[in-house]
Amino acid sequence: MIVTLTADAPVSTVNAILAAASAAGCETHTFDDGHGGAVVGIAGTVAVADLPGVSAVLEKHRPYMLASREGRPHAPSVVKVGNARIGGGRPVVIGGPCVIEGRAELLEAALATKAAGADMLRGGAYKPRTSPYAFQGLGEEGLRYLAEAREVTGLPVVTEVMEPDQVDLVAHYADMLQIGARNMANFPLLRRAGQANRPVLLKRGFSATIEEWLMSAEYVMAHGNPNVVLCERGIRGFDPATRFTLDLTAVPLIKELSHLPIIVDPSHGTGRRSLVARMALAGLAAGADGLIIEAHPDPESARCDGMQTITPAELAGIIESGRVLHAALMGGAVDAGLGVAPTIGAHA
Ligand code: PEP
Ligand code: MN
């Protein structure tokens, strides 16, 4: 159940709720409602309605009580990643190569990504490759280059972590932990990321339902980490014409169901660089809080995912067009109730 308290609820009420839940053997999580009040999520049902300061009791709610909008209906979450903020404001753009290829290559890509106007840098050091014979990433060496690229550009960095035992190492170097599509339901990894002191970018598994995805977010949150950003990156469709089917319906639907920010990945979502710009803008039009896009100074020579990788100049074009699109959305061309922000990109 979800119990919402008024901002001036006495501490004794919180203590009584926690004691009642503990006596009933129910796990609890206390979080703020974004408006100064506390919310207590209880994995079970106990009698609390008559306590002073209780403003609402919801016994029937979605199974992802921490990720659900029901406990935080009026305040979308904003996740801070270094000096970037994801959610509730202008959309952010994360750009960079699929994989960290080397020190010089990454620094060149990072500077070009920054010059294109991106807010954050991406790049994989540990890669989940379909083939065991494909380049698997540089591991910790890559993480060191990523940290150096952050120092040089000032851009916060996000990179994938694949195993629970890697979480501390990756968190040491990166500003944000990416959990990839193939690991969305890796529950030991989700638990460990929940204990990490870094925000988590949780990609949707390509055969995961919206509810399964939100339950994975719930794992991270229930283990102590409220800073989760969802990423729609395409689901498996029937047509090999595109690598995946970018499910943009997920964006406004997640906004209805959850207070968590959601960003869109048009690179993996399409698998074709010619489609990236249009689908990036479509993601913003759908209400995404940002984009993650694979960009490389020379996409043809990229060591991973080159066919869906764009140039920094193309990335700059998307950021520019995105800014115009948002201005139009905010200017009333589309229902202002969409709640989108006016500008995107670091040049804004
Ligand atoms: C990636 O971001 O490079 C990646 C492997 O993404 P996904 O997990 O969505 O396939
Ligand atoms: Mn990739």
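Each reported figure results from applying straightforward, stated rules to the coordinates on display, with no laboratory input. This structure is a prediction, so every number in the text was calculated from the model and none was measured. Don't worry about glycine lacking a Cβ; one is built from the backbone with ideal geometry, like all the others, and counts go over all protein chains shown.
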Using the 10 angstrom Cβ neighbour count as an exposure proxy, how do HIS326, HIS35 rank, fewest first? HIS35, HIS326
Gyration tensor over alpha-carbon atoms, region 23-113, equivalent ellipsoid semi-axes in Å: 42, 16, 10
If you take all C-alpha pairs in region 183-326, what percent of them are over 21 Å apart? 45 percent
Extent along principal axes [Cα atoms of region 2-60; Å; largest to smallest]: 29, 20, 16
With region 140-246 reduced to its Cα atoms and the Debye formula applied, log10 I(q)/I(0) at q = 0.24 1/Å amounts to -1.19
With everything on Cα atoms, drop me the angle between helix 312-328 and the longest principal axis of the chain, reported from 0 to 90° to the nearest 10. 40 degrees
From fewest to most C-beta neighbours within 10 Å, the residues LYS255, LYS80, LYS60 line up as LYS60, LYS80, LYS255
Taking LEU51, LEU284, LEU189, LEU291 and counting other C-beta atoms within 10 Å, the order from fewest to most: LEU51, LEU189, LEU284, LEU291
Placing +1 on the Cβ of each Lys and Arg and -1 on the Cβ of each Asp and Glu in the chain, which of ALA110, ILE86, LEU177 has its Cα farthest towards the positive end of the resulting dipole? ALA110
Listed here are the pairs LYS114/LYS255; LYS60/LYS255; LYS80/LYS255; LYS80/LYS127; LYS60/LYS203; which of them are more than 23 Å apart at the Cα? LYS114/LYS255; LYS80/LYS127; LYS60/LYS203
Once the Cα gyration tensor of region 222-287 is diagonalised, semi-axes √(5λ) in Å: 24, 13, 11
Under a point-charge model restricted to the Cβ atoms of Lys and Arg (+1) and Asp and Glu (-1), what is the dipole moment magnitude of region 186-342 relative to its Cα centre, in debye to the nearest 20? 320 debye
Which residue, PRO97, PRO266, PRO188, tops the fluctuation ranking in a GNM of the chain built on C-alpha contacts under 10 Å? PRO188
With N denoting the number of residues in the chain, provide Rg(C-alpha) divided by 2.2 N^0.38 Å, to two decimal places. 1.01
Take every DSSP beta bridge whose two residues both sit in region 155-254, then give the antiparallel share in percent to the nearest 5. 10 percent
Angle, helix 11-23 long axis vs. longest principal axis of the chain, Cα atoms, 0 to 90°, nearest 10? 90 degrees
For the chain, what does the helix formula give at 222 nm: sum of -39500 (n - 2.57) over DSSP H segments with n ≥ 4, over the residue count, nearest 500 deg cm²/dmol? -10000 deg cm²/dmol
If the rule is a partner Cβ under 4.7 Å, which cysteines in the chain fail it? CYS26, CYS231
Would you please put 131-137, 14-20 in order of how densely packed they are, using the mean number of other Cβ atoms within 10 angstrom per residue and starting with the highest? 14-20, 131-137
Size of electric dipole in the chain: Cβ of Lys, Arg +1 and of Asp, Glu -1, about Cα centre, debye, nearest 20: 340 debye
